[in-house]
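In what follows, a single structure is set out as structure tokens and then discussed.
The values are calculated or read from the model by the stated rules, or taken from the named source; none is laboratory data. All figures in this text were calculated on a predicted structure; none of them were measured in a lab. Backbone-built Cβ (ideal geometry, glycine too); neighbour counts: all protein chains shown.
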Amino acid sequence: MKGKKIYEVQINRDFCKICGICYWICPTKTIVEGEFSKPKVEDNKRCIGCRMCENSCPDFAINIVEIGEVNEDEQ
Ligand code: SF4
Ligand code: SF4
């Protein structure tokens, strides 16, 4: 049995300066460009927890939170 972690992408809109780095850098397109170039979480399920967005955000506006684990055999 192999567990797969589930993540939630949290964006603090008060900190975000809409620079676009997070949706430019996200390898899985979990975060995409939304309305008015704002970052939009398209699908939390795509997130692999690489934290590239979190580490690259110049305004510390992103938190990647591990919210659980699923058994891949059950998917
Ligand atoms: S990298 Fe940070 S500041 Fe830039 S758009 Fe994404 S959340 Fe906003
Ligand atoms: S942790 Fe990685 S996969 Fe998840 S939203 Fe950030 S850049 Fe994308």
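Here are some notes:
- Identity of the residue in the range 48-75, among the polar types (S, T, N, Q) and touching a residue at least 40 places away in the same chain (Cβ under 8 Å), that ends up farthest from ligand 1 (Cβ to nearest atom): N71
- Here the range 5-14 is the region considered, the condition is being under 15 Å from I64 (Cα atoms) and either of a type outside the set (S, T, N, Q) or in contact (Cβ under 8 Å) with a residue 60 or more places away in the chain (or both), and the residue that is surrounded by the fewest Cβ atoms within 10 Å (Cβ to Cβ) is R13.
- Test: residue in the range 63-75 that is within 13 Å of ligand 2 (Cβ to nearest atom) and on the phi > 0 side of the Ramachandran plot: no
- Candidates D59, D43, D14, D73: the one that is at pLDDT below 95 and out of contact with any Leu (no Cβ under 9 Å at 6 or more places or on another chain) is D73.
- Note on the range 29-47: residues that are surrounded by 14 or more Cβ atoms within 10 Å (Cβ to Cβ), assigned to a loop (DSSP other than H, G, I, E, B) and without any contact (Cβ under 8 Å) to a residue 40 or more places away in the chain total 2.
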